[in-house]
1. How many residues are open to solvent by less than 80 Å² (accessible area, probe 1.4 Å) and either free of Cβ contacts under 8 Å to residues at least 12 places away in the same chain or not in a loop (DSSP other than H, G, I, E, B) (or both) if we restrict to segment 57-115?
2. Taking the condition more than 11 Å from the chain's Cα centre (by Cα) and modelled with pLDDT of 95 or more, does P87 pass?
3. Just to be sure before I move on: is V24 open to solvent by 20 Å² or more (accessible area, probe 1.4 Å), at pLDDT below 95 and touching a Cys at 6+ places or on another chain (Cβ under 9 Å) in the structure I sent?
4. For segment 1-35, which residues satisfy the criterion of being small (G, A, S), within 21 Å of E88 (Cβ to Cβ) and within 15 Å of the chain's Cα centre (by Cα)?
5. Could you tell me whether V5 is out of contact with any helix residue (DSSP H, G or I) (no Cβ under 8 Å at 6 or more places or on another chain), touching a residue at least 40 places away in the same chain (Cβ under 8 Å), open to solvent by 60 Å² or more (accessible area, probe 1.4 Å) and closer than 14 Å to W105 by Cβ?
6. Working carefully through the options R57, R38, R66, find the one that is under 11 Å from the mean Cα position of the chain (by Cα) and among the basic types (K, R).
Amino acid sequence: QVQLVESGGGSVQPGGSLRLSCTVPGSILTFYSVGWYRQAPLKERELVATLTIKNERNFADSAKGRFTISRDNAQNTVYLQMNDLKPEDTATYYCVANDYVYDRWGQGTQVTVSS
């Protein structure tokens, strides 16, 4: 069972920043893509950002200009830097890694944006 280990969630005021981390077992380069989804209460899970092995990035419209996604190959870790956070960013954030066949999911980390 592939275990994705997430960290970095928490509570922050509007306009603040957080960085989420997700470490995959083994080499991150064995995955076609890594990224983040989020799910707010009573809403469907939605894409936030993904990064492929070819360094192609895809962002939700709500994340463009505020969030960045990066990968540290030596640490087998993908990061989501979130700036200018808004209350509507409040959700559980899930790391996902696609190994060319399956999507592997992390357990989720909570992000709460409120004043």
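The values are calculated or read from the model by the stated rules, or taken from the named source; none is laboratory data. Just so it is clear, the structure is predicted and the values come from calculations on it, not from any experiment. Quick reminder, even Gly has a Cβ in these numbers, built from the backbone with ideal geometry, and neighbours come from all protein chains shown. With ligands, DNA and RNA removed, areas are computed over all heavy atoms of the protein, side chains included. Shrake-Rupley method; radii C 1.70, N 1.55, O 1.52, S 1.80 Å.
1. Result for segment 57-115: 29.
2. Numbers: more than 11 Å from the chain's Cα centre (by Cα): yes; modelled with pLDDT of 95 or more: yes.
Yes.
3. So V24 fails the test.
4. G8, G9, G10, S17, G35
5. yes
6. None of the others qualify; the one that does is R38.
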